[in-house]
Every structure is written in structure tokens, then in C-alpha cells.
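Single-structure report; data block below.
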Amino acid sequence: MEIEVQLTHELIAEKIPPPNSIGAHGAWLEFRGVVRAEENGRAISALEYEAYPEMAEREIRRILKSLSVRHPCLAAKIVHRVGVIPVGETAIYAGIASSHRGEAIALLAEFMNLLKQDVPIWKVRALPPSSITQPESSGTEKRQPSQAAEKLKSGALSFDEAFAKIRSASQPLPALRAPLAEAFGRVLRETVRAVEDFPAYDRSTRDGYAILQNDSSETFQIVDTLHAADWKPRQLKTGEAVRVATGSALPCEKLRVVMQENVERIGDTIKIIRLENAANVRRRGEEMRAGQTVLQPGTVLNAGTLALLATVGCAQPLVSPRLRIVHFTTGDEVVPPDQVPRPGEIRDSNSILVRGLLQKFPCDIIQNHLREDFSSAKSRAEMLKAEIESADVLLISGGASVGEKDFTRDLLAHLGFQIVFDRLNIRPGAPLIFGVNGPRVAFGLPGNPVSHFVCFHLFVAAALRGLVGAESENFLRGPLASGLEDQPNPRETFTPARLDPAGLHPLKWTSSGDVTCLVETNALIRVPANCGSIEAGDEVEFLPT
Amino acid sequence: MRLLFFAQLKDATGCASAEIKPAMPLNAEQLWTELLKQFPKLAAHRTSARFARNQEYATPDAKFSDNDEVALIPPVSGG
């Protein structure tokens, strides 16, 4: 039997041609499994599927082969879609050709049962109705919907909805082992345990004399002298003392150290003048016990955690990979920062802004500029095909002209990305585009620098943290240092602010792209839609940036 | 050995894949012991998940060695 199997993120075509065995087959049976508007009794807008693609293909082939022994058929074509599939669209297509209808019908029925039993494909999530079907709330710009947008009919999502979609699309990339010197800023992806007690033996914290804990002798015989690196185990007896230095490994357990300034030394003996309460000993395992978990997966490795890894001998921790990021700027009006813009032109500030924002994440960045002409952009993208295909994240900074959004969306679709959403009900950053292509994610960032800054912290950072396996950053609560005037804000707004000991100072910003307010910004205040004025001293939610 | 996790098992492990280095080939029982050491939350899925070795379901007597790709397959729900 001729078998064709395909797993795809794309829409499954309305018409699929029959196989070449046409003429030989008397039956061409087609079946489409379609996403219902209801899952487990609840209304939904889409289902999200995940697959183990290589194995799913093999399993489908194996099942078809074994079934064709009992139900000899001529050809089979199976297409299973994965990713987010809206209600009414095909999740699975099966086309079976056979000489007579009986074999094809029997094979198809059994195949579907076995598929649902053995093929590694999962429905991972049902999306609630609001996430796709909500009407566009602000359609000020008239545009021809591009192919990708039409397919998805994406509405304007709230911050929470968009955030959830980004987090669920940004799954942790495979971890790898890296030397400590290259691990800064990466995310630990394994549980690290202490392999031995730390300290590994009782250690003196003073220069002085070690004696048995409960020894009440008048005088002590000095039986040994230990230097910092000495290791001379012995069982001390009553009336015996060992001269020790700070950090010395004590000769046995259950000792105390009398500071040298509290003894009187006479030849090889000492007499204690004053006995303190403190034992002056760091006991074995006081800091960490053998087998104890010292770091959990998901920890972002900083200087302190790296020092701890070194202490426990974890020299090659399992960590997130360096992210590979391709960033395109677009727009014909921008010139490099070292050039003098002609009338109508501006200097490109987004390249360096994005590069700076990415500094927190260990990553390799490739930046390039695309002219706002689809065929020239396509050929430039073709030249960078290998880089784009191996990138974990693709960022496209929009230009300022009308139609730039279609340009970005069409370019993403051309590069194989499925558009998950292309409009948000927030300010600034409403025209943000988010796309997925397998494990890879892409953002089309609205052109002005303030939108870039806000979208990066709210959304791009969330995707990056998902890809490296870190928790997302939570909003904090804090008081406003100066009030926020009532202003018409039909959308949830993220206002740049300066956080200092007095609280949050909202900064003046405009959606037309003032870079100056970013100089002071170190927080974004989350202002609910239509909330009226907020007084100084009132608590608000904010995200540190 | 490259380990792959899918669907709800990703939530249990917090990752889509992991590497382990077994000194010798492991049987399914030993592999579970290793897995649970690193990912204790997988315990809840032990009765329902199946192993696949190099993209095929593993037979009960399969041995998993260092250069295998091993996937933990929770109950499927395609179609």
C-alpha cells in the first residue's frame, strides 16, 4: 500500500487530490475529523494539539501497514494538524483508496480507533470562546486582511489572554550541560543536591585550643598542633588539648575551641582563664547535609548560585541553552544612528534598544534591516534562511508607514509562522503580532520605541523565560508617589514609571514614540481600563523593568 | 540518554526534554527509579504513561541505553 503521512501546523486544504492509483481504485474514501464547538460540555473556540511528530508518523505508518494485511487497500493519505485549531477546522484528514469500498471503510474505521489509542498526539488545551471570537474593538485603520489573519479571525486579546497564549507556546528548549564559567544568567534545569556534608568535618572558627566539650580539667596537655590545611584525626582524651587555627579541621567530633586570648600557656600545657558559652565550632553538615537539595530546577543562575554550585562540585550543571534570536528592523524611513537623516527619515533606535533589552538573557543575536518591499524582504529572508530556521525567536520591529502590519504578518506567514494573535486590547502595544512555528515563536513589535519597551517586558520576556524554563515574572504591588489623572483609557494601560523609595512616579509618555521617558523608566504601572483617577498613596500593580 | 516529555508530563517535569547518563543499560523499572529521582511529580503518571524507545513503543523487556531517545508517552488523545 502506498502511504503518505503528514503532520502540519497549517490549515488542511479543502480539497486534497486522490492518489495516483486512480483508475486502479474503485473507491476513494475521505474522512475529516473537525473541532467541535464544545469540549467536555463547555463552549470552546479552539483546541490545541501537540505531537511527538517523528513517532506519530511512524506509528501511523505501522498501524496502516498492519491493517492492510486484513483489509488490502491501494493507498492512504493521513494529515494531522497540530497547534491551535479553531472550531470548525479539520484536525485530521484521512483518505483511503481501495479497489472496492468495503476494504477502505473497514480499514478507516479500525485505523481511527487505533490512532486514538496509540499515536502520540494530544489535545493539550481547550481555548475559551473569548480568545478567538471576540470582535475587534478598535478598528481605526482600514486594511485588507492578509491570508494568515483571515484564517484566524483573531480578536483583540486582553493582556492576560495574550500572556497565557505566549506562555503556553513557549515551552522549555532541551537543556544541556555547560561549564560554570558559561552558565551565568542561564536557568538551572536539574535538581542539585549536596554530595557530601558541608562543611565535611567540624571546623574551628577561632585561633585557640580544641578540648572535649564537657572537659572540666584545670590544666590541659597540648598533644598536637594543627595548621589550616592539616587533617590529623585523633580521639582527644580528658585533659588533652590541640592547638588549632581558624578553619582547622578538628581532630574529632564533640569538641569546643577555647580562644587563645582566654588561656594562659605554660610550656606544653594551658590553663583556661575564661570559658565562653560559644563552642567556636562549625559543625559537620551545618550548612548542607549530604543528599540535601540545594538548588531547584528553574533557578536563574547568578553569581551566588554559581558559587554554591562550585562548592558542591557541580561543575557542569544542566542548564538552558543560549537562545538564538534573529531581529529584523523594517521601514524605509530609518537610517543608521551614525547617519544624518534627511527630511522624513529618522535614526534607527530600535536595533540597539532590542539588543540592550536582550542583555538579561544569554543569547546570540543576529540583526538585519529589511526594506518595506515584500519581494526584496523575501529575498533578504531567503539569504538568511539558515539563521532564521535555527532561531528560537524571531523579532520584527515594525516601520511607521501604513500597511507595515500587513507586511510583518505576511512575512511571518511566508516564513511558516502561524499567527496566534495580531491585536491586543492594551496601550501601548495594541498592534503586537505573535506567531508560532513548532517550538519557535515570533513577535511583530509595533514600531515606536515605547511600544517596543513595553511589549518586550510584558510579552517577549515571558516567551524567553518560557523557552529557557524559568517562571514568569509577577506583578508587584506598590504605592503611587504622585497621582494619575483621570484620562479616557478604554484599554488596560501600562504606564512607564520611575520607582524610588517614595513609590512609583508615572512618567509622561506618548504613543508616538518619545524615547526620553525611557531614560528614567524602571517600572511599568498596570492601569486598569476606565479606572478613573488614582490618588497618590494608592496601591497599584507594577512590573519592575 | 535523551528523555522527552509530552502534554501533561511537561507540566509534571517542568521541561520538554532532559539528559541522563546511565552507566549501563536500564530496564523499565530501573529507568522509572532514575526518572522519579529527578522528577518526583512523575509518580502520579507511572501507571498510565508508556515508554517509547527510539520512536517506537518499548516492549516490556526493552533495555534503554545511553544513546537512545526515550519518550514518556501519556495517554494519547489525537484525531
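The values are calculated or read from the model by the stated rules, or taken from the named source; none is laboratory data. Just so you know, these numbers come straight off a predicted model, no measurement behind them. Cβ sites come from the backbone with ideal geometry, for glycine too, and all protein chains shown count toward neighbours. These accessible areas exclude ligands, DNA and RNA; they are computed on the full protein's heavy atoms, side chains included. Shrake-Rupley method; radii C 1.70, N 1.55, O 1.52, S 1.80 Å.
Calculated mean residue ellipticity at 222 nm for chain A: -6000 deg cm²/dmol, from DSSP H runs with n ≥ 4 weighted as -39500 (n - 2.57), summed, divided by the residue count and rounded to 500. Rounded to the nearest 10 degrees, the inclination of helix A:159-169 to the longest alpha-carbon principal axis of chain A is 90 degrees.
Considering only DSSP beta bridges where both residues belong to chain B, give the percentage that are antiparallel (nearest 5).
Of the beta bridges lying entirely in chain B, close to 70 percent run antiparallel.
What separates the Cα centres of segment A:54-131 and segment A:443-503 is a distance of 44 Å.
Provide the packing ranking of A:359-371, A:116-128, i.e. peptides ordered by the mean count of other C-beta atoms within 10 Å per residue, highest first.
Ranked by mean Cβ neighbours within 10 Å, highest first: A:116-128, A:359-371.
Spacing of the modelled spin labels on B:Ser77 and B:Asn27, each 7 Å from Cα toward Cβ, amounts to 3.4 nm. Determine the shape class of segment A:332-432: with a ≥ b ≥ c the square roots of the Cα gyration tensor eigenvalues, call it rounded for a/c under 1.5, and otherwise prolate if a/b is greater than b/c, oblate otherwise. Rounded. With Cα atoms as the point set, the radius of gyration and Dmax of chain B evaluate to 11.6, 39 Å. Average accessible surface for the protein assembly as shown: 47 Å² per residue, computed with a 1.4 Å probe over protein heavy atoms with every protein chain in place. Working ranking of peptides A:533-539, A:282-288 by packing, defined as the average number of other Cβ atoms within 10 Å per residue, highest first, is A:282-288, A:533-539. The slack in the chain from A:Arg355 to A:Glu473, taken as 0.36 nm per residue of separation less the alpha-carbon distance, amounts to 40.5 nm. Is the protein assembly as shown rounded, prolate or oblate when judged by the Cα gyration tensor, a ≥ b ≥ c being the square roots of its eigenvalues, rounded requiring a/c under 1.5 and prolate requiring a/b larger than b/c? Verdict is oblate for the protein assembly as shown. Here the accessible area of the protein assembly as shown is 51 percent carbon and sulfur, with a 1.4 angstrom probe and all protein chains present.
Amide H contacts under 5 Å for A:Leu74: A:Ala97, A:Ser98, A:Ser99, restricted to partners 5 or more places along the chain or on a different chain, H placed in the peptide plane at 1.01 Å from N. Pairs over the 20 Å Cα-Cα cut-off, from the set A:Lys165/B:Lys37; A:Lys378/A:Lys405; A:Lys123/B:Lys21; A:Lys65/A:Lys123; B:Lys21/B:Lys63; A:Lys232/A:Lys254: A:Lys165/B:Lys37; A:Lys123/B:Lys21; A:Lys65/A:Lys123.
A simple charge model with +1 on the Cβ of Lys and Arg, -1 on the Cβ of Asp and Glu and nothing else charged puts the dipole of the protein assembly as shown at about 1100 debye relative to its Cα centre. Indicate the gyration tensor shape class of segment A:177-310 (rounded, prolate or oblate), computed on the Cα atoms with a ≥ b ≥ c the square roots of the eigenvalues: a/c under 1.5 is rounded; otherwise a/b larger than b/c is prolate and the rest oblate. It comes out prolate by the Cα gyration axes. Taken about its Cα centre, segment B:12-79 carries a charge dipole of roughly 260 debye when the Cβ of each Lys and Arg holds +1 and the Cβ of each Asp and Glu holds -1. Placing A:Asp338, A:Asp422 in order of accessible area, with the largest value first and a 1.4 Å probe, yields A:Asp338, A:Asp422. Sorting B:Phe51, A:Phe434, A:Phe374 on solvent-accessible area from highest to lowest, probe radius 1.4 Å, gives A:Phe374, B:Phe51, A:Phe434.
When only the Cβ of Lys, Arg, Asp and Glu is charged (+1, +1, -1, -1), the dipole of segment A:241-372 relative to its Cα centre reaches about 780 debye. In order along segment A:174-181, phi translates into HN-Hα couplings of x, 7, 8, 8, 9, x, 4, 5 Hz, rounded to whole numbers, per the Karplus curve 6.51 cos²θ - 1.76 cosθ + 1.60 with θ = phi - 60° and x for Gly and Pro. Annotation for the A:B interface, with buried accessible surface near 2400 Å², both sides summed [1.4 Å probe; non-protein components not counted].
Quick one: work out the % antiparallel among DSSP beta bridges in chain A, nearest 5. Of all bridge pairs located within chain A, approximately 70 percent are antiparallel.
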